[in-house]
Amino acid sequence: MNIEDITRNALAALRPPPRQKLSEWIEGNVYLPDGVSALPGLVRLWPFQREIADAIGDPAIERVTLVKAVRCGFTTLLTSAIGSFIANDPAPILVVLPTEADCRSYVVSDIEPVFAASPVLAGVLGDSTDGRGRNTLLSRLFPGGSLKVVAAKAPRNLRGHNARVLLVDEVDAAEITAEGPPVALAERRTLSFPDRRIIIGSTPVSEETSYVLRSYALSDQRIFEVPCLDCRGLNEIQWKDIQWPEGQPHLAHYVCPSCGSVIDERHKPEMVEAGLWRATRPEVTDHAGFRLNALVSLLGNASWGKLATEFVTAKSDAGMLQVFVNTILAQGWREQGEEIDDAALARRAEPFSLDMLPEEVLAITAGVDVQRDRLEATLIGHSRDNAMFILGHVVIWGLPDHDTTWAALDDLLKTRFQHPYGGKLAIDAAAVDSGDGLSMERVYAFCWPRSSRRVLAIKGVAGNRPFIERTRQKNMRGALWIVGVDGIKAHLAARLTRGTSIRFSNTLPASWYEQLASERAVVRFTMGQPKRRFERIPGRQAEALDCTVYAIAARQILTTLNWDARVEALRNPEITAAPVVRPRVIRSAWVDS
């Protein structure tokens, strides 16, 4: 062997091995424990997950955007990608989730269990209680880098961390902060790294304002296509191609749009295994975008029959239908109209009232709006199938600082209404607005002693928030409940304009409908980003709308209501009215000693 051969072999020995694809690394190194997955053990990626993983791990691709449905395994991909960066390409890593609770849940329920179960990752993050103050639950150091998991809602969370790798989940659920969109703030923290990586995934919410849909539009826009077993044509499985016999959604099947062949669920794994991602904008080379619905998911609860059954249940309720469109079809929701036709709603009035309840009504909630010279309350009946019955509207005249005004409200909330089954229904929960600032203390004084009756002091807050959540502020003697009014208004508008799941008493005056339709949805730009919000139509009052929103919020806390027991109690009032015999308590003399 001459010197040239020796030199060539020596240099070949120094050449690093080919870069391993992220999908291969995941399937060879990441384990899911029992508490995280129904299929514990070494990860086996689904066919459509592999190219997403490889794009995340490809240093030539700066950005990855995933428009995703639920039941498609993105959390596993996210956790595995974090593990790969830590083990193979250490760097400062920043993970952004919508809220602080999301951050803690993700670390405790996903990152820590998966890392502990995977030998190559076990112990790399250290202990969040290392005693030296370097690590916390949401901030960990490792050789060559760090991992920080922060909430998007506070700008200060995004200012103090530089990162080469940025991963953002559920970006559409993140509220625009006072300093701008949280993703834009987070991306600024990556500018000092020429080899930065930005991975964004989310279920889309509103088509008009979705950040993830706008990001996908700037990518190479890949779609996952599967072959027909007959014509071998490649197509993306879309909802329009899922069909079923009339009245039998559990027998849903796929109809090939190319040749019309009917393909049963049992063939889906074979089709998905042979599926391919196709870039519809191949000229974009540094931004990989993926759009993935749940129709290709191989989970048992994502079969075409189960999804069709979910759709049939949801289609008559606009709120449930939006959830289906967002989370199953991975599509943004588009509202039908800008304004609600109050005259059309009034024409739907039916002969029922607080004095003549429909049989379907099994629970009642009230929403109370506080005005300068009166209290207004709307009472809503609720059925077990989520239908709502606007039973009546009551105006209590009197100043909010007079005890007699609140005594009248107390009498109203104590009223029991005769039910067709024979028993009487009480008001299960009431929400009283404390947000005007002038009567706040009087609302607190009224609600807090009545908290056992579910009389809630509430404050409406705009933005992307839960329908209702409890908060406890310092120096408070009771609970203040925060109501996400924008979310409820969007839910209400959708139900009013799509279907008839909200029904109206013929005792409601025309002015009540005008007030219910007093706001319209508009899109305004905040910090350069579109944001959907509700604005008052000039010249209209909004008391009926506010009361209805608050009553819907109050319904959300009735999570433990037993509908069958409620029916039984109404049918047999003489049994349920029997006095409760309390057990005799013998007090020990030792307690008093």
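Working note: 222 nm ellipticity from helices only, DSSP H runs with n ≥ 4, each -39,500 (n - 2.57), summed and divided by the residues of the chain, gives -8500 deg cm²/dmol to the nearest 500. Compared with the dominant principal axis of the Cα atoms in the chain, helix 318-327 is inclined by about 10°. Under 5 Å from the amide H of S383 lie the amide H atoms of L362, each residue being 5 or more positions distant or on a separate chain, with H modelled from the backbone and absent for Pro and chain starts. About the centre of its Cα atoms, the chain shows a dipole size close to 1200 debye [charges on the beta carbon of Lys, Arg (+1) and Asp, Glu (-1) only; nearest 20 debye].
The phi-based Karplus calculation (6.51 cos²θ - 1.76 cosθ + 1.60; θ = phi - 60°) puts the 3J(HN,Hα) values of segment 206-220 at 9, 4, 6, 10, 5, 6, 5, 5, 5, 5, 4, 5, 8, 9, 7 Hz, whole numbers, x for Gly and Pro. The T500 and V567 beta-carbon pair, evaluated with R₀ = 25 Å, returns a calculated FRET efficiency of approximately 0.60.
Using equal-weight Cα scatterers in the Debye expression, the normalised intensity of segment 424-488 in log10 at q = 0.23 Å⁻¹ is -0.99.
The count of lysine pairs in the chain whose Cα atoms are under 18 Å apart, excluding pairs fewer than 8 places apart on the same chain, comes to 10. Projecting the Cα atoms of G275, A366, A344 onto the charge dipole of the chain (Cβ charges, centred on the Cα centre) puts A366 farthest toward the positive pole. Under the simplified labelling scheme, the R520-R134 pair shows an inter-label distance of 6.0 nm, with each label point 7 Å from Cα along Cα→Cβ.
Pulled fully out, how much extra length does the chain show between Q248 and E574, if you take 0.36 nm times their separation in residues and subtract their Cα-Cα distance? Write out the running numbers ahead of the final one.
Numbers: separation 326, 0.36 × 326 = 117.36 nm, distance 4.22 nm.
So the extension gain works out to 113.1 nm.
Note on S109 and R266: their simple-model spin labels are 3.6 nm apart, each label 7 Å out from Cα toward Cβ. With the simple model of a label 7 Å out from the Cα in the direction of the Cβ, K424 to A101 spans 3.6 nm.
Using only Cα atoms and rounding to the nearest 10 degrees, what angle (0 to 90) does helix 403-414 make with the longest principal axis of the chain? Approximately 70 degrees, to the nearest 10.
One entry in (i) 30.3; (ii) 24.9; (iii) 39.6 is mean projected area of the Cα convex hull in nm² calculated from the shown coordinates; its label is (iii). Isolated cysteines in the chain, defined as those with no second cysteine Cβ under 4.7 Å, comprise C72, C103, C447, C547.
When Rg and the Kirkwood radius Rh are both evaluated on Cα atoms of segment 342-573, their ratio Rg/Rh stands at 0.96. Cβ-Cβ distance of A343 and I6, R₀ of 56 Å, FRET efficiency by 1/(1 + (r/R0)^6): the value works out to about 0.05.
Bridge orientation summary for the chain: considering DSSP beta bridges with both residues in this region, about 55 percent are antiparallel. Around the amide H of A252, modelled in the peptide plane, lie the amide H atoms of G305, all under 5 Å away and 5 or more residues distant in sequence or on another chain.
Please report the antiparallel percentage of the DSSP beta bridges confined to segment 342-573, to the nearest 5.
Numbers: 33 of 50 bridges.
Within segment 342-573, antiparallel bridges account for around 65 percent of the total.
Neighbour counting of Cβ atoms within 10 Å sorts the residues C228, C259, fewest neighbours leading, into C259, C228. Were the residues from D373 through D34 laid out at 0.36 nm apart, the gain over their Cα-Cα distance would be 116.1 nm. For the chain, the longest principal axis of the alpha carbon atoms and the long axis of helix 485-497 meet at an angle near 80°. Taken one residue at a time, the phi angles of segment 196-203 give Karplus couplings (6.51, -1.76, 1.60, θ = phi - 60°) of 5, 10, 10, 10, 10, x, 6, 7 Hz. Gly and Pro are set to x. Selection among V165, L39, A294 by position relative to the dipole of the chain gives V165 as farthest towards the positive end (Cβ unit charges, Cα centre). In the chain, taking the dipole from charged Cβ atoms about the Cα centre, the farthest positive-side position among T203, S261, I557 is held by I557.
No value in this document is a laboratory result; all are computed from the given coordinates. Note that this is a predicted model, so its numbers are computed, not measured. Virtual Cβ from ideal backbone geometry, glycine too; neighbours counted across all protein chains shown.
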